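Bear in mind that the values in this text are calculations on the coordinates, not laboratory data. Just so we're clear, the structure is a prediction, and the values are computed from it rather than from any experiment. Please note: Cβ atoms are built from the backbone with ideal geometry, for glycine as well, and neighbour counts cover all protein chains shown.
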Amino acid sequence: LPNSCVQILDTVFGDFAGSAVWNPNTQLHEDCLYVNVVVPKPRPKNAAVMVWIYGGGFYSGTSTLDVYDHKTLVAEEKVILVSMQYRVASLGFLYFDSADVPGNAGLFDQLMALQWVRDNIHAFGGNPNNITLFGESAGAVSVSLHLLSPLSRHLFNQAIMQSGSPTAPWAIIGRDESVLRGLRLAEAVGCPHSRSNLAATVECLRQVNASDLVANEWGTLGICEFPFVPVIDGSFLDETPQRSLANKNFKKTNILMGSNTEEGYYFIIYYLTELFKKEENVYVNRDEFLQAVRELNPYVNNIARQAIVFEYTDWLNPEDPIRNRDALDKMVGDYHFTCNVNELAHRYAETGNNVYMYYFQYRSRNNPWPSWTGVMHGDEISYVFGEPLNPSKKYQPQEIELSKRMMRYWANFAKT
């Protein structure tokens, strides 16, 4: 298996299965730009190609995770499955508005992989004119940016986006903010950090150990804010996704997308650590709810905050600690994932493309997180890749059936 690109590991819950499953399972190294190709046996003649782009907030992720195991989907559905590594964190998304550090390096890594697939997949029995991109979270954002980018639109045919869209509030940051975060990183690792001499900053950052860079990126960021993400660089992206969608300036094709019932909890557990402990019986009283609304929406003025409280309060039971807890999940999940996914689907439907949507609400019997977390961000992935068909993972018969159905849906979409 190829190296994973340099990134920080999640150590918050130690070796707890629910979080450890997302940690890279191969050596971390700057030499990480590899493509994986898995082909059915016997070798097909003109098979549909599915290209997976992993998520991880643009600061983490790797195509080698167990949960992305390619073999089951390929064996069951006879598609060719390709995935690529791409640089993450500052190594993938540092931006100084200069020829040296033009930004979006991680997206250009993906682009290069897509070009390679387009040019070479026929040698594996794949159809270069039937390539479907699919990804989850930051991977789904990446897929959506390929739909928008003039550089990659022509390199594939259709797209599946799981819990991510280009208008997600965390998906893109402005150029100024991006430069600012780069300078903050420089300061954290003891490099010159003046806007007026970026050349010195870049020169110094080049000498810093890659693992020191990724370890020093996290300043004070709000929930679902990731330090280094795509930027409107004038090359890969020449306008904001909002503008592209308004002007219908995107690849006209069929898309499949959706989200999960509890998109917010995963992030809340990491952000509001005192209130949301990783244990059963977590309840949120009214005062805690109002305080959490403040902490989870730091950039919002009082009037908007009141509107949020009003929208997410169950006014028949405003004191109900379970409803208050679940309301916080919906508030975070709607804003960061669900609403922008729905928005993209609507925009696509307006142009007469086929838009297929799903809403994933099945909780696995063997889910290690507390029961109140429901169906979290990323929980559908194991079903898309057929993990329940692996007997060692101890899934229920109905879960195996669900996974077979989802693999069939995803593959049928790719084949047509």
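Annotations for the structure displayed:
- Fewest-first sequence of Asp379, Asp97, Asp326, Asp287 by Cβ atoms within 10 Å of each Cβ: Asp287, Asp97, Asp326, Asp379
- Near His154, once Lys and Arg are set to +1 and Asp and Glu to -1 for all other residues with Cβ below 9 Å from its Cβ, the sum equals +3.
- Remark on the chain: Cys224, Cys339 stand apart, with no other cysteine beta carbon under 4.7 Å.
- Cβ charges +1 (Lys, Arg) and -1 (Asp, Glu), total dipole of the chain, debye: 1500 debye
- The charge dipole of region 219-341, taken about its Cα centre with unit charges on the Cβ atoms of Lys, Arg (+1), Asp and Glu (-1) only, comes to about 500 debye.
- Sites excluded, trypsin sites (Lys or Arg not before Pro) in DSSP loops with at most 12 other C-beta within 10 Å, longest stretch of the chain: 46-247
- Which listed pairs, of Lys45/Lys394; Lys71/Lys252; Lys248/Lys415; Lys278/Lys393; Lys71/Lys394; Lys251/Lys415, have C-alpha distances above 28 Å, in listed order: Lys45/Lys394; Lys71/Lys252
- Amide H contacts under 5 Å for Tyr356, placed H, 5+ residues apart: Ile255, Leu256, Met257
- In this structure, the amide hydrogen of Leu28, modeled 1.01 Å from its nitrogen in the peptide plane, lies closer than 5 angstrom to those of Ser4, counting only residues at least 5 positions away or on a different chain.
- Ordering Val39, Leu107, Thr26 by the projection of their Cα atoms onto the charge dipole of region 1-149, which places +1 on the Cβ of Lys and Arg and -1 on the Cβ of Asp and Glu, puts Val39 at the extreme positive end.
- Normalised by the number of residues in the chain, the mean separation of alpha-carbon contacts (under 8 Å, six or more apart) gives a relative contact order of 17 percent.
- Calculated P(r) of region 1-149 - Cα pairs past 27 Å, %: 24 percent
- When region 169-294 is reduced to its Cα atoms, the Kirkwood hydrodynamic radius in Å: 18.3 Å
- Interchain or long-range residues, amide H under 5 Å from Asn260's placed H: Phe360
- Average Cα contact separation per residue, region 162-275, under 8 Å, 6 or more apart, as relative contact order %: 34 percent
- For the chain, the equivalent ellipsoid built from the Cα gyration tensor has semi-axes of 31, 29, 22 Å, listed from largest to smallest.
- Calculated P(r) tail over 21 Å for region 291-360, as whole % of Cα pairs: 40 percent
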